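Input: a single structure, listed below in structure tokens.
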Amino acid sequence: MKPSSRRALLPRLSLLGVVLGTGHAAAQGTAGSATGRVKVVGPSFAALSVPDLAASIRWYRDVFGGEVVFEAASPDSSTKVAMVAGSGVRIELVWHRTARSLSAHAGRQLPPDQSFGPAKIGFFVTNLDSTLAVLRARRATIEGTWLEKPASLPATDTLWTRNILVRDTSGTYVQFFERRPISSRGGNE
């Protein structure tokens, strides 16, 4: 992005702070298993660079039951930003005209832990089984499920929790973890 375009977008992005501070209450009203959406425990935030802004907005809006609460573009339209908020989640989606995937830079698809930068984003959910049902109904690309504690982990392990790993429409790995009661986590948060 040209420095002049970046400066022009900064006032719009400063509104993001307002959106982040106020979107949670409105988003909570749209959540719940009865609506066929993923229910996240507590507020969560992630920012992602995406190749198709409209497709990414649809995916995150559909999975979390959110709404677009903020949109902005640089004056030359080389960068566009949208914020989707719902179920206690805020996802900032950024499209830039010249951005390329890590795979394009590397010349091949890379596993998430084989490149610098975010390997994946994650969310704690109230019910992993209903989350898996929602993701399957939405035809999410499910990369793996870990629903049973591996026998190789010691009985004293307090960190492991059931989880699911999927990919969004941009290929970003998104992991959902089942939230356990504090008493079963072996400590306070």
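Please treat every number below as a calculation from the coordinates, not as lab data. Since this is a predicted model, take the numbers as computed values, not measurements. Backbone-built Cβ (ideal geometry, glycine too); neighbour counts: all protein chains shown.
Less than 5 angstrom separates the built amide H of Ala47 from those of Glu92, all sequence-distant by 5 or more or on a different chain.
Distant-in-sequence amide contacts of Val89, defined by a placed amide H-H separation under 5 Å and a gap of 5 or more residues or a different chain, comprise Ser44. Counting beta carbons within 10 Å around each of Phe64, Phe45, Phe177, Phe123 and listing the fewest first gives the order Phe45, Phe177, Phe123, Phe64.
In order along the stretch 93-98, phi translates into HN-Hα couplings of 10, 10, 10, 10, 3, 9 Hz, rounded to whole numbers, per the Karplus curve 6.51 cos²θ - 1.76 cosθ + 1.60 with θ = phi - 60° and x for Gly and Pro. Please say if the stretch 36-145 is rounded, prolate or oblate, where rounded means a/c under 1.5 for a ≥ b ≥ c the square roots of the C-alpha gyration tensor eigenvalues, and otherwise the choice is prolate for a/b larger than b/c and oblate otherwise? Note, shape of the stretch 36-145 comes out oblate.
The fewest-to-most ranking of Glu92, Glu143, Glu148 by surrounding Cβ atoms within 10 Å reads Glu148, Glu143, Glu92.
Can you sort Arg162, Arg100 from fewest to most other Cβ atoms within 10 Å of each residue's own Cβ?
Numbers: Arg162 19, Arg100 10.
If I rank by nearby Cβ atoms, fewest first, I get Arg100, Arg162.
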